[in-house]
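Right, one structure below, let's go through it.
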Amino acid sequence: MLRGGTFGYRSLRWGALSLTAVVTMAAFCDNADARRRHKTQADESYQPSYSSIVVDINSGEVMQATNADAPRHPASLTKIMTLYLLFERLEQGKIKLQTELPVSAHAAVQAPSKLGLKPGETIRVETAIRAIVTKSANDVAVIVAEALGGDEPSFAKMMTAKARSLGMAQTTYRNASGLPDEEQITSARDQASLGRAIQDRFPNYYHYFATRTFDYRGKSIRNHNHLLGAVDGVDGIKTGYIRDSGFNIVTSVRRANRHLVAVVFGGRSAGARDARVRSLIENNINIASIKRTAPPVLEGVETAQLRKDSKDAKEEDRTGSARVRVASVAPSVPDGPAPGSTDPIKPTSVKTVIVHPATMYTASLTPLPSDNRQLVPAPVVSNPVSVTTISTVRSEAPLDPAPVAAPPLAPAVWPSAAKAPAPAVRNEATPTVSQVVVPQVSAPVAASAPVSPSPVAQPAQPRSPAKVAALGNDAPAPAAAAEPVTKSRTGWLIQVGALPDEKEAQQRLETAQSKAKGLLGKADMFTERTEKGDKVLYRARFAGLEKNQAEAACKHLKRSDIPCMLLKN
């Protein structure tokens, strides 16, 4: 009886324990289900504002856009601009990839994602670039900001100024990392412009955005952009996320000479964002242009000016109109940095010529007893030519004192009884500075005697052989009549910038020529001054090229990070 009772008691106890376990397990399952339902409901309620845009980089056309101009928080897309300014300093040689950047206490306390650097440590510039691209390290972004701007707020102002110079009118930066700030806003269209600009501007550094893994202190860090290596042709550039913005991305893809930049804001998850970008790429890549016709995205006034020049050139081709270019003396233009730039302009010795609407005089040549040529002013023209553009002549390139002949001008007065040569017919479609001799200009382009506005001009004093040689003329034989020489800019032009400073425009020309010396070594290098309202711009151009030479030169210059645009003369 005792053993039987003990056995029954034990059975009852185990049965009670089993029942308790069942109840506990049921309660646990109920709680787990409740948590899953709550998480699902929370995910379903999370609906960040969506916007997107797809731009064909070759043509510049927008292929798809949804709420592209709506304000959005950039999150870690901010770091694209942080790297833009860093690449700019590298290109200028102010820092190097091996430069060590110090870690401040402010940088060290930034919220994740970060490398976890300690105050007093340093990090190399190239390591910083890779950490920002792959891990999107907030502490490293602040380190860069403090190194370039002194402190993060000052650097944020530099970022905003650069955004304005790139035409990103809807973008304002308040920090270098993209951590939450109500005033830090952008748009999908602005981020597409930045994604295009950083590729056009820094082809030598853009490749860092294709970094898939980054090894640091024994750890391998994978890029947050999971489209790299997963979608054919994707070569960058950056992802981002904060709660207020959702999952964002700016991505670039190249396939079979086609090139797109796609931007998505407001993904509910990284996977949903990536799926949307894949769809946008596949829906548009096969109908994108295969030839680059759009100008590069440039800073400051250059973008708008290049587009205006392209429009003007097309209009001239359509109507057959042309501009008259005449040389004169240009007033000095104050030096100043380009809009959005923080760097001083290095002065370059150049000679620029500008035109004012006024009476025009022509120069004629005649043989003299001294076997030298003499310049004789033409009569005053009652209907003066109004000039709208200018040209710049390099100081070391002498001008040929060839006469200008145009239908409205009266024939020149010849001092000798010899028959005057027939005036050259000027090709209006191919104007040239070297056809004009301007009075009262210092050598080598100056006339030796002042020009009288009288209808009957007086002969000037003969030039010495040295002065004639300085103008680049070969002395004629004693008995031979001098034939007028016409030298004009024919063929195609290329423009490598429209800058607010004449010296900077000349420097751009010299840089471009050095980069493509084999293609531009014999090209005619000049600048044009143009005004729009209260703004003065100097167009930096090369002339005298065949179409295939111009195209090859532009292609070469763009690879060297120099903007270039073709114009038919």
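The values are calculated or read from the model by the stated rules, or taken from the named source; none is laboratory data. Fair warning: this is a prediction, and the values are worked out from it, not measured in the lab. Counting neighbours? That spans all protein chains shown, and the Cβs are built from the backbone with ideal geometry, glycine included.
Structure notes:
- Residues of the range 263-277 satisfying the condition of being in contact (Cβ under 8 Å) with a residue 40 or more places away in the chain and of a type in the set (A, V, I, L, M): 263, 264, 270, 277
- Output for the range 107-136, where each listed residue is β-branched (Val, Ile, Thr) and within 33 Å of the chain's Cα centre (by Cα): 122, 123, 125, 127, 129, 132, 133, 134
- Taking the range 211-269 as the region of interest, none of the strands (runs of 3 or more DSSP E) fully inside it holds 3 or more residues being charged (D, E, K, R).
- The range 169-209, residues that are free of Cβ contacts under 8 Å to residues at least 40 places away in the same chain, of a type in the set (Asp, Glu) and either surrounded by 24 or more Cβ atoms within 10 Å (Cβ to Cβ) or closer than 20 Å to residue 300 by Cα (or both): 190
- Residue in the range 61-81 that is in contact with a Phe, Trp or Tyr (Cβ under 8 Å, 6 or more places away or on another chain), surrounded by fewer than 17 Cβ atoms within 10 Å (Cβ to Cβ) and closer than 24 Å to residue 172 by Cα present: yes
- Inside the range 82-98, residues that are polar (S, T, N, Q) and surrounded by 13 or more Cβ atoms within 10 Å (Cβ to Cβ) make up a count of 1.
- Scanning the range 210-262 for residues that are surrounded by fewer than 19 Cβ atoms within 10 Å (Cβ to Cβ), touching a residue at least 12 places away in the same chain (Cβ under 8 Å) and at positive phi returns 229, 233, 256, 257.
- Selection count where residues are over 19 Å from residue 178 (Cβ atoms) and among the small types (Gly, Ala, Ser), scope the range 103-130: 2
Each row is one residue, and each column tells you yes or no for (1) at pLDDT 85 or above; (2) part of a loop (DSSP other than H, G, I, E, B); (3) under 20 Å from the mean Cα position of the chain (by Cα); (4) of a type in the set (Val, Ile, Thr).
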| site | (1), (2), (3), (4) |
| --- | --- |
| 494 | yes, no, yes, yes |
| 503 | yes, no, yes, no |
| 507 | yes, no, yes, no |
| 510 | yes, no, yes, no |
| 522 | no, yes, no, no |
| 526 | yes, no, no, no |
| 539 | yes, no, yes, no |
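- Residue within the range 46-56 that is farther than 18 Å from residue 194 by Cβ and crowded, with 24+ Cβ neighbours inside 10 Å present: no
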